[in-house]
Amino acid sequence: MDSCSSSPKPKSFKQACDNCRRRKIKCSRELPCDKCQRLLLSCSYSDVLRRKGPKFRTLYPLAPIHPLVSRQRNILQCHGQQYSGDKEWFPDPMGYPISGSPVSPPPFALEEPQYPPTEHTDSFSRLPLPELVSSPDSTNSLTDSAGGAIFPSPRNLSPAILLAHVNVYLKYMFPIMPVVRRETLQQDCHHPERLSPQRYAFLASLCAATHVQLKLDGAAPVADPSQFHSGVDGRSMMSGKELLAEAVWARKECDLVEDIGIESLLTSFFLFAAYGNLDRQEHAWFYLCQTTSMVFTLGLHRESTYAELSVEEAEEKRRIFWLVFVTERGYALQQAKPVMLRNSIHKPQVLCSDDPILAYGFINLIGVFEKLSVNLYDWVCAGGRDGPGEMPPTSAIQANLSKPISLEGVSEIQRVDILVTQQWLQAMMWKLSMTRPSQPGSRNDAVLPFHLPVLVGKDVMSVIGAASQGAVDAHGIGMEQKLFDLGTSVADVSRSLSTKAAHSLAESAIDPRELLWGMLSTLSRIRGSQSYLFPSLLERCKGIVGLDCSFSMSNFLPPLPASSSGTFDPISSWAAHENNRSNTNTGAWEIISLPDKPHDQSNDTMESVPRILPPTSGPAEIPFQPGTSSLLA
């Protein structure tokens, strides 16, 4: 009877009580538990536990206040939910200083509420009911409350900002980075608050890379303000520095390890492009390594991976692999870094693609970099002639690179990229061959012709002279660095030639001084302003082109001045062409208008924004070591 009359044992729960779980202390799992009894707390087990592992902060209905812009706390009252946040959770964007970025009025808008303006309501109404917009490869990380209802996440980039940058990207950068889905990309811009964290970080990084590569910041106003404001709805401005800080912040909101996918890969790639165009090479190399690591993690280097995919998805991922392949090889050559990727999969199809002309040009660019052997990179990375390895056959590589490429019908932006890269790589092979130990006082041991930089430089200036300014500017800092490399090589050749040899070269090919004037002229106005490498190249060429020491770089403005010594007339065919072209430029990037097809820009008149940057010093010489980089996307 005693056992029957005794009180039953308290019920034991499978989880700690709410108070103990929040305080992270051991719980007896009774009702009430021992800790709550001792502290006179109300013990309950009402919290719903979620899966273990990394979780996004968006699981809770709290919207962080980003330090870039102050928000009103009632931004989401229209959704019946008050959001608040703690600024200590997020990094200060000023912790990511961007050197070399001029302090100038930021040129893109920033809205207060992150919801579609009234003028876009009709177009947005065609989109599906509220849900997270993302690509098929993205993770479906919901922004939900404990009850499972979907809450939009406030974003710092408005639809107007996203659409403006996406349109510019599709117009000028898609031909050299054909790795996005055009329609999906534009649709996702309409509702940034509904995007998954991965998708939003991807879009933010794309905007930052576009803004920085095309140098959309500047002190000078755009030529057509009405066109510009129509793209950003006339609101306050946002700079490239702020866009990059926003992209880095958005990336930190994602779980990079748990959610590796195509969007995460492209986010790293665009962050690499943004930092590379700012000449911040340590950051750029970090994100490029991150990109190549994701290529291996996703198995994009194995042909068997693509057999399991649909035709459309397989082609998209092939383009991504090969874009990273050519980018890694171009960047590693300049920075003396190793390469990880090999040409281990099939190339994208041409005839069955959505844009055969674009695919054909892209495959030709791949073919240029496939001619560079892996042992070449191993030798350069090991220190060149100071390393233990055997020198690669630079003569054979240069012979392959010198073969003509048929580019009939290829878009102007792609044609400039392929031809300039082909000639620039030949100059790099020449520079490598000059590091071979030779007999004192003899040039006969050089594998390649000593005047090769003059020949390839002539071809490069012919390509640039026939192209529109926008087609040249679209390649960002990489085009500036290629011209600088070529210019210093031509200057080295000119200083070593005797008067008779220089005269013979001028009669048979081109006067090196005339060639240097053309390169200086191009660098003096590339991307709407003077290149940061222009002062360094001008300093190295002063004695060659006939400038005296009192010549000021501020006097070097198009049209090109005559030599102060009167010994040389620098007005070349390229200088005249550049002068005529500068008189006809309207001086504005086309922000909103897009061609029907991505490759139609070959028939457009593409100009650049007239901007002014303070001259900065460039490298004093071109050793084949890390120093002057080139982005070859």
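Each reported figure results from applying straightforward, stated rules to the coordinates on display, with no laboratory input. From a predicted model like this one, the values you see are computed outputs, not experimental measurements. Virtual Cβ from ideal backbone geometry, glycine too; neighbours counted across all protein chains shown.
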Put in order of increasing Cβ neighbours within 10 Å, starting from the fewest, 296, 270, 369 give 296, 369, 270
Here, residue 308 and residue 542, labelled 7 Å along Cα→Cβ, have an inter-label distance in nm of 6.3 nm
Listed by chain and number, the residues whose amide H is under 5 Å from that of residue 195, excluding neighbours fewer than 5 places away on the same chain and using placed H, are 133
The pairs in 347/482; 317/403; 317/347; 337/371; 458/482 lying past 21 Å Cα-Cα in this model are 347/482; 317/403
Under the rule rounded for a/c under 1.5, else prolate if a/b exceeds b/c, else oblate, using alpha carbon gyration tensor axes a ≥ b ≥ c, the stretch 8-49 is classed as oblate
Loop-resident GluC sites (Glu not before Pro) in the stretch 339-428 with no more than 16 other Cβ atoms inside 10 Å, DSSP not H/G/I/E/B, are 390, 408
A correct Kirkwood calculation over the Cα atoms of the stretch 356-414 returns a hydrodynamic radius in Å of 13.3 Å
Given a Förster distance of 30 Å, the FRET efficiency implied by the Cβ-Cβ spacing of residue 352 and residue 399, rounded to the nearest 0.05, works out to 0.35
Plugging the Cβ-Cβ distance of residue 14 and residue 342 into 1/(1 + (r/R0)^6) at R0 = 51 Å yields, to the nearest 0.05, a FRET efficiency of 0.50
Note: residue 22 to residue 46 extended length (0.36 nm per residue) minus current alpha-carbon separation gives 7.4 nm
Applied in sequence order to the stretch 161-178, the curve 6.51 cos²θ - 1.76 cosθ + 1.60 (Karplus, θ = phi - 60°) yields integer Hz couplings, x standing for Gly and Pro, of 5, 4, 5, 4, 6, 5, 5, 5, 4, 5, 6, 10, 10, 4, x, 9, 9, x
Projecting the Cα atoms of 44, 27, 17 onto the charge dipole of the stretch 8-49, where Lys and Arg contribute +1 and Asp and Glu -1 at Cβ, the residue farthest towards the positive end is 27
